[in-house]
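Comments concern the structure below.
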Amino acid sequence: MNPTFNYPPEVKGTRKLYSLFKGANHPLEVFSSNHRFLGDTYYINAVFVKRKFIFSQDKEFIEYILKSNHKNYYKSQIQSVTLGKYLGKGLLTNNGKDWLRQRRLIQPGFSKVKITSLASIIEDETEKAFDLFTARNEVDLYDFFHTLAFNIVAKTLFSSDIDEDTVHRLSRIITEIQEISTKEIRLPFYAQFLGLLGIIEKNVQKSKESKHIIQGILDKRRTSSEEKNDLLDMLIQARYEDTQLPMTDEQLIDEMLILFIAGHETTANALSFIFYELSQNPEAEEKLKKEIQEEGDAVFTPESLMKKSFTTNIIKEAMRLHSPAWAIDREALNDDQFKEYSWEKGTQIILYISGLHRNPQYWEHPDTFIPGRFDDENAKNLPYYPFGAGPRLCIGEHFAMMEMALIVRKFYKDFSFQSHQNTLRKKALVTLRPVRLSGKVIKK
């Protein structure tokens, strides 16, 4: 006898058609609309792909999936298989024991001690990038931060073993791969047309080119006796606990490709959102500049950058309003239930982080930029998950926070930004990104 499952309220009729078709290009609008109509948790039975989807912006439900019962959930095959086709089996796409083994191997490279040693590389790349503002002041900051964040990842991974042309080529390849893979994930039936047109195969070839580039850098490093003390050195020297063997070249390359994508995309997006919000909130900008001045000579030290401050409050609040990791996907390994709801094995779970971060049930004035809310003594209990939660919490969280704090302080020590935009158009792909952020840089 088949068990009876009690799914959350279902999206039906014209709203279901609206969700399935408009959701492909405008998921934030569709998810938010459905939550307003059906509550914090709902489901869609997508018969044509033979899948059931539960969507939630409920704090307790999200914490149950990511923390309390995380062992019953893998990253969904929709994403892990599609992205894995291009990116291999790195931390982003792996699951289960293989993922845990890799996580334990790589984790030491992102300790606070290791991150602190990389601060000088971040500072050098940032200063070099900001030199451009002496020659021109009209800028699209999204493009600017995309380039800067990619350069920082390249240098912290490979030090001087990668030139500017190679960095730019890798950046273009990775952007193109993301564009196509996002369409495959959102519209599984559309992937068949992409396959017939040869677009998927072209994307696979681009992925192979990016791995070939990284293999060349790896080969060069192996033949060199010089120690660079960068992330590549750490990955080469790392040994598995059980066998004391290093990673294979194939695994090394997969992990480096994942670090490239995860290490620059979300940071570039978050920086754009931070600078947009500061351009719309002059009082916050003035308070930031006052803090920079008061920090004195310590302002760019890792200790100052990583401690609780108004700078970090600004970063957190911008990432609450505009979460680059706007949704998290999981797939149930076995039948499960939470409170009054129950669902079967194979159900796809979409945790709507952007919705959670603006849910008025948990946040006062949820659509308003209020950095000071993170000074509250109860702030640690807020449902705030821009880097995920549970065992799969982003491995680069501390690196990203230090990097963003350094860039924000470096910029606002000498410059201000006036946005030409009163509203910010956003595009939800694998990550949430601005379409552009145009404006004027003004030197003090």
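The values are calculated or read from the model by the stated rules, or taken from the named source; none is laboratory data. Fair warning: this is a prediction, and the values are worked out from it, not measured in the lab. In this analysis, Cβ positions are derived from the backbone assuming ideal geometry, glycine residues included, and neighbour counts consider all displayed protein chains.
The table below gives the values:
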read-out	value
Conditions (1) in a helix (DSSP H, G or I); (2) surrounded by fewer than 18 Cβ atoms within 10 Å (Cβ to Cβ); (3) not polar (S, T, N, Q); number of the one not met by ILE185	(2)
Selection from segment 392-419 of residues that are farther than 30 Å from LYS114 by Cβ and either loosely packed, with under 14 Cβ neighbours inside 10 Å or free of Cβ contacts under 8 Å to residues at least 24 places away in the same chain (or both)	GLN418
Some residue of segment 193-202 being within 25 Å of the chain's Cα centre (by Cα) and buried (at least 19 other Cβ atoms within 10 Å of the Cβ)	yes
Residues within segment 187-203 that are within 17 Å of GLY84 (Cβ to Cβ) and of a type in the set (D, E, K, R), tallied	1
Some residue of segment 236-257 being assigned to a helix (DSSP H, G or I), closer than 19 Å to MET404 by Cα, touching a Ser or Thr at 6+ places or on another chain (Cβ under 9 Å) and not polar (S, T, N, Q)	no
Yes/no for GLU10 being within 17 Å of ARG358 (Cα to Cα) and either of a type outside the set (S, T, N, Q) or at pLDDT 95 or above (or both)	no
Strands (runs of 3 or more DSSP E) within segment 278-391 that include 2 or more residues touching a residue at least 12 places away in the same chain (Cβ under 8 Å) and within 27 Å of THR423 (Cα to Cα)	327-332, 348-352
Odd one out for LEU91, checked against (1) in a helix (DSSP H, G or I); (2) at pLDDT 85 or above	(1)
Scope segment 305-326; condition of a type in the set (A, V, I, L, M, F, W, C), modelled with pLDDT under 95 and surrounded by fewer than 21 Cβ atoms within 10 Å (Cβ to Cβ); matching residues	MET306
Elements of type helices (runs of 4 or more DSSP H) contained in segment 1-70, each with 2 or more residues being aromatic (Phe, Trp, Tyr)	13-22, 27-38
Sole residue being within 26 Å of ILE214 (Cα to Cα) and surrounded by fewer than 19 Cβ atoms within 10 Å (Cβ to Cβ), chosen from THR126, THR82, THR116	THR116
Selection count, segment 85-109, where residues are more than 17 Å from ARG239 (Cβ to Cβ) and either surrounded by fewer than 18 Cβ atoms within 10 Å (Cβ to Cβ) or not aliphatic (A, V, I, L, M) (or both)	11
Cβ-Cβ under 7 Å pairs, at least 6 apart or on other chains, segment 204-226 side more than 22 Å from LYS85 (Cβ to Cβ), far side surrounded by 12 or more Cβ atoms within 10 Å (Cβ to Cβ) and charged (D, E, K, R)	ILE217/ASP161; LYS220/ASP161; ARG221/ASP161
Residue count for segment 290-304, restricted to those that are surrounded by fewer than 18 Cβ atoms within 10 Å (Cβ to Cβ) and either under 27 Å from the mean Cα position of the chain (by Cα) or among the hydrophobic types (A, V, I, L, M, F, W, C) (or both)	3
Answer from LYS52, LYS89 - the residue that is under 18 Å from the mean Cα position of the chain (by Cα) and not small (Gly, Ala, Ser)	LYS89
Residue among ILE173, ILE121, ILE152, ILE162 that alone is over 17 Å from the mean Cα position of the chain (by Cα), part of a helix (DSSP H, G or I) and under 28 Å from SER225 (Cα atoms)	ILE121
Positions within segment 412-444 being in a strand (DSSP E or B) and hydrophobic (A, V, I, L, M, F, W, C), in sequence order	PHE415, PHE417, ALA428, LEU432, VAL441, ILE442
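Okay, residues lined up against (1) over 22 Å from the mean Cα position of the chain (by Cα); (2) hydrophobic (A, V, I, L, M, F, W, C); (3) buried (at least 20 other Cβ atoms within 10 Å of the Cβ):
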| position | (1), (2), (3) |
| --- | --- |
| LYS380 | no, no, no |
| TYR385 | no, no, yes |
| GLN421 | yes, no, no |
| LYS427 | no, no, no |
